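Every number in this text was worked out from the coordinates using simple rules, so none of it is lab data. Just so it is clear, the model here is predicted, and its values are computed rather than measured. So basically every Cβ, Gly included, is an ideal-geometry build from the backbone, and we count neighbours across all protein chains shown.
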Amino acid sequence: MSDLTAKVYKDAKGSITVEGYEALKYNFHYTSPVFDVQNEKLAEIYKRWERVLIVMDTIVHPIYKDQIQAYFDHYKIEVTWKIVKGGEMHKTMDTMLEVVDAMDSFGIVRTEPTLVVGGGLVTDVSGYACASYRRSSNFIRVPTTLIGLIDASVSIKVGINHRKLKNRLGAYHAPLHTFLDFSFLKTLPVGQVRNGFAELVKIASVGDKAVWDLLVKHGKELVETGFGFKEGGDAVRAPGKEICHRGIETMLELESPNLHELGLDRVIAFGHTWSPTLELTPRIPLRHGHAITIDMAYSITLAHSEGLINDAQRDEWFTLVSSVGLSMDHELFDDELISIATDAIKKTRDGKQRFAVPDGEFGKCKFLNDVPIDKLRSVLKTHKAFVKERFGSGDGKEAYVDAGDLGAEPEAYANGSAKSTNGHSEDAANPLKRNGIAGNHTKEAAVSAGAVAVDGSGDVTNGEVGTSA
Ligand SMILES: NC(=O)c1ccc[n+]([C@@H]2O[C@H](COP(=O)([O-])OP(=O)(O)OC[C@H]3O[C@@H](n4cnc5c(N)ncnc54)[C@H](O)[C@@H]3O)[C@@H](O)[C@H]2O)c1
Ligand SMILES: [Zn+2]
């Protein structure tokens with residue numbers, strides 16, 4: 001929620017200036033289980049309305065609907081459900097407008113908050129609906145994935161994909177409250193837990209040494225047990241809690257002074273330089289967590305080659321990510337991708353590289369600029385040789401998106417029989433398909449992921465969408 005104070009003044013020539021400041025306030029509450037009838041926190045908010053509009057996706061709703069219904073029944077709060085299709089293919093204007101229509105038929109009252117329960121996808125789409133509805137309306141978030149809990153719901157960004165462009169439309173729109181309940185990890189598939197774990201590796205590597213040390217000690221069991229919520233109990237939950245709470249707080253401290261992302265040297269951009277392009281380059285996209293881990297792993301090799309971290313630190317980093325089953329390399333992470341992705345990301349960073357890397361120790365960050373392309377290529381060679389020697393292919397477990405992530409069967413998506421995000425069919429299967437999962441459309445991937453387009457030669461153009469084959 002925000003409050004605007006503004007003053008209006010006229011200068012000697014009669015021009016009028018409005019100068020305003022917006023006070024922003026939104027809260028995070030650690031509470032678990034949020035939908036336990038003994039836990040009044042959420043019900044307190046809705047008591048005055050005696051009703052609630054809840055948005056969820058088709059996968060999470062059946063798992064939690066009975067519990068949520070019983071919770072609100074207990075407090076005599078009437079529930080209206082809006083169930084939307086999940087998956088990136090449904091992160092669209094159509095889905096966003098479905099939520100708008102639901103708010104309309106519900107007759108949502110000016111300050112009445114819509115309740116959004118789900119992963120980063122449903123909170124992004126519904127948050128955008130709330131940002132747009134009557135120019136701004138309230139919402140409350142209850143994230144149910146690890147990505148949602150420690151990343152998507154920590155930010156105030158909301159949005160949707162547009163055509164083939166990722167997160168191209170959106171807003172900065174803070175919810176009234178975010179309820180952080182890690183017990184949702186009990187039902188989250190391990191592949192999704194691992195995906196979110198990568199964001200914790202990111203924040204720890206360059207933002208918080210204490211979290212890093214905890215990850216090294218407990219990482220494997222945290223991923224395998226859903227942070228102690230599938231099995232393992234308090235012994236695993238305790239370090240998991242400390243890691244997540246510190247991770248969230250570190251992220252808030254780093255990003256809150258930069259809510260609108262005007263500052264471009266961003267610590268949390270570690271792992272997010274080449275990965276936006278890499279993630280979308282295979283015929284079936286990589287999971288975000290795997291793409292950013294490959295990017296981070298390469299950045300670690302770069303930091304090592306610059307003398308910023310020593311052998312022992314590099315080895316510790318790789319040992320952790322390998323032990324949890326995250327990817328460290330990919331056959332399509334090659335010289336061409338490095339150069340296209342570097343050009344693409346520079347356009348979003350005001351022409352500079354701003355490669356975030358650990359600085360001397362984990363938890364500290366430095367930004368590298370003007371690294372020559374030859375150096376990037378030689379580091380890539382070193383990286384691939386190192387991964388191959390120590391870890392084989394460097395492939396992670398369940399590294400590719402599944403039907404839940406996509407909102408369509410991956411193979412149907414890849415061969416063009418699934419509907420794309422803009423409702424049209426995707427291009428036919430890529431002729432460069434190599435091993436059934438790999439294809440190569442690095443240039444288009446750079447366009448889809450980043451803020452820029454590349455032309456047929458791989459050069460960055462002026463923002464027109466590239467159509468190279
Ligand atoms: N706003 C931001 O700053 C921000 C940050 C990071 C990611 N994101 C966005 O978030 C999205 C990814 O989020 P995500 O990884 O949470 O994906 P998601 O919302 O698609 O969830 C992943 C899968 O897990 C299922 N699921 C969710 N909670 C579950 C539970 N508790 N038990 C069982 N299944 C469950 C979902 O139905 C889905 O199939 C992307 O669209 C990304 O752009 C936004
Ligand atoms: Zn990320």
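A compact table of results
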item	result
Evaluated over segment 89-154, the Cα radius of gyration and Dmax, each in Å	11.5, 33
Degrees separating the helix 93-106 axis from the principal Cα axis of the chain, which is the longest one	10 degrees
Footprinting exposure proxy for GLU336, GLU19 (fewest neighbouring C-beta atoms within 10 Å first)	GLU19, GLU336
Low-density loop cleavage sites - trypsin sites (Lys or Arg not before Pro) in segment 94-151, where at most 12 other Cβ are within 10 Å (DSSP)	ARG110
Burial ordering of MET103, MET56, MET296, fewest other beta-carbon atoms within 10 Å first	MET103, MET56, MET296
Space enclosed by the convex hull of the alpha-carbon atoms of the chain, per residue, Å³	160 Å³
Calculated P(r) tail over 20 Å for segment 24-186, as whole % of Cα pairs	44 percent
Relative contact order, percent, the chain [alpha-carbon distance under 8 Å, six or more residues apart]	14 percent
Separation of the LYS352 and ASP311 label points, Cα + 7 Å toward Cβ, nm	3.4 nm
Label-point separation, LYS241 to GLN69 (7 Å along Cα→Cβ), nm	3.2 nm
Whole-number D in µm² s⁻¹ for segment 270-391, Kirkwood Cα-pair radius fed into Stokes-Einstein, 4 °C, 1.567 mPa s	90 µm²/s
Helix 60-74 axis, angle to the chain major axis (alpha carbon atoms, nearest 10°)	30 degrees
Spin-label zone in segment 192-228 - amide nitrogen under 12 Å from a point set 7 Å from the Cα of VAL371 along the C-beta vector	none
Stretch gain in nm, segment ILE16-VAL216, where the contour uses 0.36 nm per residue and the Cα spacing is subtracted	66.2 nm
Fewest-first sequence of ASP94, ASP405 by Cβ atoms within 10 Å of each Cβ	ASP94, ASP405
Using a Förster distance of 60 Å, the FRET efficiency for LYS25-SER323 (Cβ separation, nearest 0.05)	0.90
Per-pair calculated FRET efficiency, R0 = 30 Å: LEU176 and LEU262 via Cβ, rounded to 0.05	0.75
Folded to 0 to 90 degrees: helix 233-255 orientation relative to the chain principal axis, Cα	90 degrees
Listed pairs LYS217/LYS346; LYS220/LYS364; LYS166/LYS220; LYS91/LYS346 exceeding 28 Å between Cα atoms	LYS217/LYS346; LYS166/LYS220
Helix-only CD estimate at 222 nm, as mean residue ellipticity for the chain, using -39500 (n - 2.57) per DSSP H run (n ≥ 4)	-13500 deg cm²/dmol
